[in-house]
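Some notes on the structure that comes next.
The values are calculated or read from the model by the stated rules, or taken from the named source; none is laboratory data. Computed from a predicted model, the values in this text were never measured in an experiment. When we count neighbours, we look across all protein chains shown, and the Cβ atoms used for this are built from the backbone with ideal geometry, even at glycine. Accessible surface areas use protein heavy atoms only, side chains included; no ligands, DNA or RNA. Shrake-Rupley method; radii C 1.70, N 1.55, O 1.52, S 1.80 Å.
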Amino acid sequence: MTTCSGGVFRKKAAGFDHPTQLPRDEEERRRWQAANRAWWEATPMRYDGREGIAQSPGSEAYFKEIDRRFLASARTFMPWRHVPFDSVIPFAELAEKDVLEVGVGQGTHAQLLASRCKSFVGIDLTTAAAAMTSKRLKLFGIPGKVLQMDAERMAFGANTFDFVWSWGVVHQSADTRRVLAEIERVLRPGGRCTVMVYYRSWWNYQVSGFVRAVFLGQWRKLGTLHHVSQSGSDGAIARYYKPEEWRAATRGLFVLDSMRIYGLKSDLVLLPHGRLKQIVMKLIPDSLARFMTCRLRMGSLLFAHMRKPDAR
């Protein structure tokens, strides 16, 4: 089942009308989260939107192909020295740490984390992702636990984990603030958290949104730049934050140590997917793309490094 046709994603949560909007009441929160779960159960993040995966789901070859696609893309905008994502995940400090991942997808990060920490627990809103990541860890003989669980209502006790990691998840939950409050609750005092959320950049959100609206003829149907952006984003909900908005979202919960913008090379090339876009992307050196997405803030990914204040 697909929710994307002609570059437009369907099945969006009704009533989500602003880039950082939270639910108006508990009933809306439940409806949005139900829409989220239905979307991701039907469309797991497998990096197969443009090209199908021939390998049998759950096989060693399947996981290696997913990793190949994901890591090849990630390395262009976030090169690593020793381990993928070591510029944002403190792998060297995790040997004696209890680690939680919020939103496991197909388990690429889970495998990297679980093999390098004292204990690992991953949670996901969907049974599909939880089951697939659990199968991955067992297949590769890596200790760890993966559970189907709503991050807005975690079943863990307070002060359980030392480090929490989340890649592209908390901004798509029905109530991002509630997820952040739960992460703060389950972190031990002094514990750290790194999350990636969508960044509302002048280029990738505003200029790209305008181009999408004009060339896909979406202005009359969708009406606002926000709804045009949502039509091009996966998930039932996709919040986009500016740094000051993320600072406000975390206020009273975390000490915000740092934020940094990253972005895909594809963010820079406002052409529909196809041969011409691939040719143009190949002409842009990775270093130049990183300068543009990071330094010029043309990227779409905001990484925030946060910590829970020490107990007083």
Among the listed residues GLY209, GLY191, identify the single one that is open to solvent by less than 30 Å² (accessible area, probe 1.4 Å) and farther than 29 Å from ARG31 by Cα. GLY191
When residues of segment 272-296 are limited to those that are touching a helix residue (DSSP H, G or I) at 6+ places or on another chain (Cβ under 7 Å) and crowded, with 16+ Cβ neighbours inside 10 Å, the one farthest from ARG212 (Cα to Cα): ARG290
Determine if segment 138-150 includes at least one residue that is in contact with a helix residue (DSSP H, G or I) (Cβ under 7 Å, 6 or more places away or on another chain), crowded, with 19+ Cβ neighbours inside 10 Å and free of Cβ contacts under 8 Å to residues at least 40 places away in the same chain. yes
What residue, among those in segment 50-59 that are over 16 Å from ALA128 (Cα atoms) and surrounded by fewer than 13 Cβ atoms within 10 Å (Cβ to Cβ), is modelled with the lowest pLDDT? ARG50
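What do you reckon, is ARG69 out of contact with any strand residue (DSSP E or B) (no Cβ under 9 Å at 6 or more places or on another chain) and at pLDDT below 95? Outline the logic, then answer.
Numbers: out of contact with any strand residue (DSSP E or B) (no Cβ under 9 Å at 6 or more places or on another chain): yes; at pLDDT below 95: yes.
So ARG69 passes the test.
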If I ask for residues that are over 18 Å from the mean Cα position of the chain (by Cα), open to solvent by less than 30 Å² (accessible area, probe 1.4 Å) and over 25 Å from VAL186 (Cβ atoms), which ones from segment 230-271 would you list? LEU268, VAL269
Any residue at all in segment 72-94 that's farther than 27 Å from ILE261 by Cβ and either of a type outside the set (Gly, Ala, Ser) or open to solvent by 40 Å² or more (accessible area, probe 1.4 Å) (or both)? no
Identify all residues within segment 74-126 that are touching a residue at least 60 places away in the same chain (Cβ under 8 Å), out of contact with any Ser or Thr (no Cβ under 8 Å at 6 or more places or on another chain) and of a type in the set (A, V, I, L, M, F, W, C); write none if there are none. LEU94
Whether any residue in segment 214-224 is closer than 26 Å to ASP86 by Cβ, surrounded by fewer than 17 Cβ atoms within 10 Å (Cβ to Cβ) and not aromatic (Phe, Trp, Tyr) is what I want to check. no
Residues located in segment 37-72, provided they are within 22 Å of LEU268 (Cα to Cα) and either in contact with a Phe, Trp or Tyr (Cβ under 8 Å, 6 or more places away or on another chain) or not in a helix (DSSP H, G or I) (or both): TYR47, ASP48, GLY49, ARG50, GLU51, ARG69, PHE70
Please give the number of the condition VAL197 fails out of (1) within 18 Å of GLY299 (Cα to Cα); (2) open to solvent by 10 Å² or more (accessible area, probe 1.4 Å); (3) β-branched (Val, Ile, Thr). (2)
Residue list for segment 112-137, restricted to those being open to solvent by 40 Å² or more (accessible area, probe 1.4 Å) and in contact with a helix residue (DSSP H, G or I) (Cβ under 8 Å, 6 or more places away or on another chain): ARG116, THR127
Select from segment 151-169 the residues that are free of Cβ contacts under 8 Å to residues at least 40 places away in the same chain and of a type outside the set (A, V, I, L, M, F, W, C) and write down the one among them that is least open to solvent (accessible area, probe 1.4 Å). GLY157
Return the total of residues in segment 253-299 being polar (S, T, N, Q) and modelled with pLDDT of 95 or more. 3
If you go through GLY252, GLY209, the only one that is in a helix (DSSP H, G or I) and without any contact (Cβ under 8 Å) to a residue 40 or more places away in the chain is GLY209
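Residues are listed down the side, and each one gets a yes or a no for (1) touching a strand residue (DSSP E or B) at 6+ places or on another chain (Cβ under 6 Å); (2) within 20 Å of GLN33 (Cα to Cα):
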| position | (1), (2) |
| --- | --- |
| VAL102 | yes, yes |
| LYS135 | no, no |
| LYS138 | no, no |
| MET149 | yes, yes |
| ASN159 | yes, no |
| GLU182 | no, yes |
| ARG192 | yes, no |
Does ALA304 fit the bill of being in a loop (DSSP other than H, G, I, E, B) and either touching a residue at least 60 places away in the same chain (Cβ under 8 Å) or crowded, with 17+ Cβ neighbours inside 10 Å (or both)? no
